[in-house]
1. For a quick size check, give me the Cα extents of region B:35-134 along its three principal axes, largest first, whole Å.
2. Would you pull out the residues with amide H under 5 Å of B:V125's amide H, same chain only if 5 or more places away, H placed 1.01 Å from N?
3. What's the long-distance tail for region A:48-98, i.e. % of Cα pairs beyond 19 Å?
4. Spelling out what I want: for every residue of region B:71-82, take phi, set θ = phi - 60°, compute 6.51 cos²θ - 1.76 cosθ + 1.60 (Karplus), and round to whole Hz; glycine and proline get x.
5. Sort shortest first the distances from A:E52 to its counterpart in every other copy, using label points 7 Å along the Cα-to-beta-carbon line, and give them in nm.
6. So if I take the centroid of the Cα atoms in region A:83-115 and the same for region B:33-65, what is the distance between those two points in Å?
7. Given label points at 7 Å from Cα along Cα→Cβ, what nm distances, shortest first, separate B:R127 from the same residue in every other copy?
8. Given label points at 7 Å from Cα along Cα→Cβ, what nm distances, shortest first, separate A:L102 from the same residue in every other copy?
2 protein chains.
Amino acid sequence: MSGADRRSFLAGSAAMAGVAMAGSGAAVAGAVADFPIVHHVFFWLKNPDSAEDRATLIEGVRGLAEIPSVRAVHVGVPASTEARGVVDHSWSVSEILYFDDLDGQAAYQSHPLHVAFAEMITPLVDRVVVYDAAAA
Amino acid sequence: MSGADRRSFLAGSAAMAGVAMAGSGAAVAGAVADFPIVHHVFFWLKNPDSAEDRATLIEGVRGLAEIPSVRAVHVGVPASTEARGVVDHSWSVSEILYFDDLDGQAAYQSHPLHVAFAEMITPLVDRVVVYDAAAA
């Protein structure tokens, strides 16, 4: 395939998937945007200075990847970005779970591993905020 | 490469990247988790019932993919998941921008396309909440 053909092919694939492509990240952008359902969760620990509680929560989130309908997991901690009024840096741990569809998200909610995770973290967590997004 | 070798290779790659792999989504999970900085933004429109304002905001977010340090973009609207106390369905549009590093996120903030986007949406938007996450 020539370079021009390859670019044309990539542009066509992106258009079909409704993907916003960005420079050298194009191939990966397709992969990220291929997930129709995104489940964002932000956790505030009761003891935000406890490295042990934070590590327990992070490991627990990673374990959610074992649930079959969970297609990918991103686990985060607050990034040291500029303090601006609109940026909330007060949380402890973030997760993004990616699903193929709403049924996958529902199956995750009732899966025994998720139920066990929720029970395990309840004593550690002060507040949880969830945003469920469908690809626009 | 045999099937067993391939599984071993994939497991090794995932361990190196700190990726939580999930079933058939394994290859994609690597791609998603390869981005060290995730910039989540949730927008509440002043006129949440305006399909036109929503479309303008969504198109604006898609345009942010043109900024060189933006590696991938996911644009969302509230998913019709179960109403639970912890789930916020009140917002209008979500974006996830993926960056390679903090410098990339800072370059995005000051990029003329982002500045123009912020000016364009200011009259439309009532509230913005940002969470910046570094891969844990």
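1. Ordered largest first, region B:35-134 gives principal extents of 37, 28, 17 Å.
2. B:K46
3. Working: 475 of 1275 pairs.
Percent of Cα pairs beyond 19 Å in region A:48-98: 37.
4. 8, 6, 10, 10, 10, x, 10, x, 7, 7, 7, 4
5. Sorted ascending, the copy-to-copy spacings read 6.0 nm.
6. Here the answer is 18 Å between Cα centres.
7. In ascending order, 1.2 nm.
8. 4.1
Read the figures in this text as sums done on the coordinates, not as results from a lab. All figures in this text were calculated on a predicted structure; none of them were measured in a lab. Cβ atoms come from the backbone with ideal geometry, glycine included; neighbour counts cover every protein chain shown.
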